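Asks: The structure is given below, and queries will be raised subsequently.
What follows draws every value from the coordinates through simple rules; no lab data is involved. Every value quoted in this text rests on a predicted model; they were computed, and no experiment measured them. FYI the Cβ positions are ideal-geometry reconstructions off the backbone, even for glycines, and counts take in every protein chain you see.
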Amino acid sequence: MFIEYLGHAGFTVSQGSTVLLIDPWPSPSGAFDGAWFQLPCNHHLASATIAQLTGARHRHIYVSHEHQDHFDAAFLTRLVPLQPTVLVPRFRVAGFGDALRSLGFEQVVELADEDMVEAGDLRLRLFVDDGALNRDSAILVDDGQSRFLDLNDCKIYDRMHHIRERFGPVDILACQFSGASWHPVCYEYPEAAYRHVSRRKRLGKFRSVGEALALLGPRRYFPSAGPACFLDPDLLALNFEEEGIFPSSADIATFLRKGAVAAEVDEIMPGDVFDAALDCFTVRGPVRLTEVMRRPYIEDYARRMATTVERLKRTCPPATAAEILDGLLVALAEKLQHFAPSSSLAHDLYVGLFELPDRFVHVDLGRRCAVMASALPEDGFDRVLLPAWQVERLLDGAIGWADLTLTFRARIRRVPDQYNTLVNGFIVAEPHELADLVARVEAFRSSVERVVVEVDGAPYEINRSCPHQGADLSYGWEDAGHWVCPRHGWRFDLESGGRCHMSPDTVHALRVDAEG
Ligand code: FES
C-alpha cells in the first residue's frame with residue numbers, strides 16, 4: 001500500500017483499486033473559528049485528494065471523531081458526489097454518524113470497538129475510545145502484506161499489549177506527539193509554573209509515544225495529528241513557546257533517537273508518500289519545515305491568512321455582551337438539568353466575558369443552580385473568561401462546548417490549582433452528553449479492581465482504573481518514584497498513598513509486604 005501524508009492527522013492510503021482517506025483536513029478556513037490552521041499549510045492538496053478518490057473503484061473515508069481538525073465538514077461536502085463509503089466509530093452518545101449523513105453521504109457505516117470491514121483491497125479495523133471526556137478512535141489498515149496503525153490523537157496507550165497480542169504486529173505507527181487541549185495554554189499560571197506544566201506535559205506525550213513504539217515494535221513511526229498552528233494575532237505566541245506543548249516533529253524525533261527506539265522516525269510533510277511494500281519514502285511535499293525556518297514560515301503564513309482570520313473572528317459591542325451573558329446563564333442552567341452526580345460535588349464555577357469584567361455566571365455545582373454574581377470568592381473556584389463573540393457563536397449553535405475550549409481564546413483561573421474531572425466535563429460536554437459522562441466517571445471510580453505495580457523496587461497495590469478517565473493503570477510505568485498513567489500522564493505518588501500530582505484524586509496505594 002501507498003500512504004500519502006495529507007498534513008495534520010490526514011492520510012490517503014491506496015492499494016490496487018482502493019483509496020481510503022483518513023481525517024482529511026485541507027480547508028483554508030482552518031478549524032475552531034480561525035484558531036487552528038494546518039502546519040505546514042496543506043491547502044494545495046485538496047484538489048489532488050479529490051482527484052485520487054475520484055479515480056478509485058473502491059472509495060472510502062474514515063473520520064476518527066468530531067473535532068473539526070479531523071471532521072472537516074467543508075471539505076467532506078465536496079466528496080459527497082463521489083458516493084464514498086464513510087466509516088465512523090459508534091459512540092455511546094449517538095449522533096456522529098448522523099452528522100456525516102447530514103452532509104449528504106448515503107453510505108455511512110458505524111463501527112463498534114474492534115469491528116472489522118473489508119474495504120476493496122484493504123481490511124480495516126477500528127479501535128474506539130469512548131471515555132468520559134474523550135471520544136475518539138484509531139484505525140488499523142491491513143493490505144495483506146503490511147499493517148498501518150493510525151492512532152491519530154486517540155490515546156489508547158493502555159491497549160497496546162492487547163492490540164499486538166490479539167491482532168498481530170504493526171509495521172507502521174502514526175500517532176500524535178503534541179498537545180491539543182486548553183491546559184495549560186489558557187490557564188493563568190505564573191511564568192515559571194506555566195513552563196513547568198508545559199514541559200511536563202510535553203515530555204509525558206513523548207514518553208507515551210516511546211512506550212507505544214516499544215510495545216508495538218513497528219519499523220516506521222510517522223509523527224502526526226499535530227501540532228496545529230495558530231495564526232490569530234492573539235494566539236500567535238503559542239507557536240513559539242520553548243518547551244511548550246506544541247513541539248515539532250524534529251523534537252519528538254530527537255527524543256526518540258536519544259531513547260534508541262528501533263523504529264525509523266520519519267519527519268513527514270504534506271504530500272510525502274510511503275511505499276509500504278518497498279519500505280521506501282518519496283519526498284514530495286513542497287515545504288520541508290526545518291527548525292530554522294519554522295518561525296519565519298509561521299509569521300509569513302499568518303500574514304497570508306490575516307484576512308481569513310479577521311473574517312472568522314467577530315467583535316461584539318458591550319451592549320450586546322450583556323445579552324450574551326444572559327444567554328450564557330440560560331445555557332449553563334440547562335446543562336445543570338442534565339448534571340446530577342450521585343455524591344455531592346461542592347464546587348463553584350464562575351463563567352464570564354472579557355467585555356464585562358465585573359459580572360459572572362456563578363454555577364454552584366453542589367446546589368445545582370446558576371445565578372449572576374459580581375465578585376469572585378477568595379478560594380475554592382474555577383473562573384473561565386471568554387470573548388463575547390465566541391460565546392455568541394456557541395449560543396447560536398455554530399460551535400459546540402468542546403469547540404469553544406479548543407479555540408484557546410479562554411482565560412482560566414483555578415484556585416487551588418487542582419483538576420476535577422466532573423467540573424471539566426461539565427464545561428466541555430454538550431447538555432445531552434452530561435448524564436452519560438457522569439455515569440461513566442462514577443462507574444470507573446467505583447470499580448474495586450486492584451493491581452500490583454512496582455515503584456523503586458517496592459510492590460504496591462493500587463486501583464486499576466485511573467481516576468482521570470478510567471485508563472488501565474496496570475499498563476502504566478514508573479518514573480522518578482511515581483506511577484504514571486499511560487493515557488494522559490497523570491502521576492501518582494505511591495509512597496504517599498497514591499495521591500495524584502494535579503488533583504485530589506488517589507489510586508489508594510498500599511505497600512505490599514514481602515509475604516504478600
Ligand atoms: S486516564 Fe487520563 S491520565 Fe489516566
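Asks: At a Cα cut-off below 15 Å, give the aspartates and glutamates reachable from LYS155, other chains included and same-chain residues fewer than 8 away excluded.
Replies: Output for LYS155: ASP113, ASP129, ASP130, ASP136, GLU211, ASP472.
Asks: What are the ³J(HN,Hα) values, in whole Hz, obtained from phi via the Karplus relation 6.51 cos²θ - 1.76 cosθ + 1.60 with θ = phi - 60°, for each residue of the range 385-400 in sequence order, with x given for Gly and Pro?
Replies: 10, 9, x, 4, 5, 6, 5, 4, 4, 5, 5, 6, x, 6, 9, x
Asks: Compute the distance in nm between two label points, each set 7 Å from the Cα along the Cα-to-Cβ direction, one at LEU103 and one at GLU299.
Replies: 3.6 nm
Asks: How big is the antiparallel share of DSSP beta bridges in the chain, given as a percent to the nearest 5?
Replies: Numbers: 67 of 98 bridges.
Close to 70 percent.
Asks: Turning to a different aspect of this structure: Along the positive direction of the dipole of the chain (beta-carbon charges: Lys, Arg +1; Asp, Glu -1; about the Cα centre), which of TYR194, SER343, ALA471 reaches farthest?
Replies: TYR194
Asks: Non-local amide H neighbours of PHE246 (under 5 Å, H modeled in plane, Pro and chain starts lacking H): which ones?
Replies: Counting only residues 5 or more places away or on other chains, the set is GLY179.
Asks: Then there is this: Over the range 318-441, what is the percentage of antiparallel beta bridges among all DSSP beta bridges, to the nearest 5? Before the final figure, lay out each step's value.
Replies: Values: 15 of 21 bridges.
Around 70 percent antiparallel, to the nearest 5.
Asks: With a 10 Å radius around each residue's Cβ, average the other Cβ atoms per peptide and rank 15-22, 195-202, 335-342, highest first. Working shown, then result.
Replies: Working: 15-22: 22.2, 195-202: 17.9, 335-342: 15.8.
Sorting 15-22, 195-202, 335-342 by mean packing, highest first, produces 15-22, 195-202, 335-342.
Asks: Return the sequence-ordered ³J(HN,Hα) values of the range 364-373 in whole Hz as given by the Karplus equation 6.51 cos²θ - 1.76 cosθ + 1.60 applied to θ = phi - 60°, using x for Gly and Pro.
Replies: 8, 6, x, 8, 6, 9, 10, 9, 7, 9
Asks: If packing is taken as the average number of other Cβ atoms within 10 Å across a peptide's residues, how do 115-124, 39-48, 148-157 rank, most packed first? Let's see the in-between values first.
Replies: On the way: 115-124: 17.1, 39-48: 19.0, 148-157: 25.7.
In descending order of packing, they fall as 148-157, 39-48, 115-124.
Asks: Which residues' amide hydrogens lie under 5 Å from the amide hydrogen of GLY7, considering only partners 5 or more residues apart or on another chain, with H built in the peptide plane?
Replies: When sequence neighbours closer than 5 places are left aside, the close amide H contacts are GLY271.
Asks: Simple spin-label model, 7 Å along Cα-to-Cβ: GLU495 to ARG411 in nm?
Replies: It is 4.0 nm.
Asks: Something else: Can you list residues from other chains, or at least 5 along the same chain, whose modelled amide H is less than 5 Å from the amide H of ILE61?
Replies: Counting only residues 5 or more places away or on other chains, the set is LEU21, THR85, VAL86, LEU87.
Asks: Sticking with this one: With θ taken as phi - 60° and the coefficients 6.51, -1.76 and 1.60, list the Karplus ³J(HN,Hα) couplings across the range 447-459 in order, rounded to whole Hz; mark glycine and proline as x.
Replies: Once θ is set to phi - 60°, the couplings for the range 447-459 become 4, 9, 5, 10, 9, 10, 10, 10, 10, 6, x, 10, x Hz.
Asks: Here's something else I'd like to know. Going by Cα centres, the range 310-339 and the range 230-263 are how many Å apart?
Replies: 34 Å
Asks: Here's something else I'd like to know. Could you rank the peptides 372-381, 306-315 by their average count of other C-beta atoms within 10 Å per residue, with the highest value first? Don't skip to the answer; put the middle values down first.
Replies: Values: 372-381: 11.7, 306-315: 13.7.
Ranked by mean Cβ neighbours within 10 Å, highest first: 306-315, 372-381.
Asks: OK, next. Separation of the range 106-136 and the range 281-299 by C-alpha centroid, Å?
Replies: Using only Cα atoms, the two centres lie 33 Å from each other.
Asks: Then there's this: For the range 318-441, count all C-alpha to C-alpha pairs, find those more than 23 Å apart, and express that count as a whole percent of the total.
Replies: 24 percent
Asks: Rounded to the nearest 500, what is the chain's calculated 222 nm mean residue ellipticity when only DSSP H runs of at least 4 contribute -39500 (n - 2.57) each, over all residues? Write down the numbers at each step before the final one.
Replies: Working: 13 runs with 142 residues, N = 516.
Theoretical 222 nm ellipticity from helices: -8500 deg cm²/dmol.
Asks: Compute the Kirkwood hydrodynamic radius of the chain, taking the inverse of the mean of 1/r over all pairs of distinct Cα atoms, and give it in Å to one decimal. All intermediate terms of the calculation are to be shown ahead of the outcome.
Replies: Values: mean 1/r = 0.0418 Å⁻¹.
Kirkwood radius, the chain: 23.9 Å.
Asks: Moving on. For the range 2-309, give the share of DSSP beta bridges that are antiparallel, in percent and rounded to the nearest 5; count only bridges with both residues there.
Replies: Numbers: 34 of 58 bridges.
Percentage antiparallel, nearest 5: 60.
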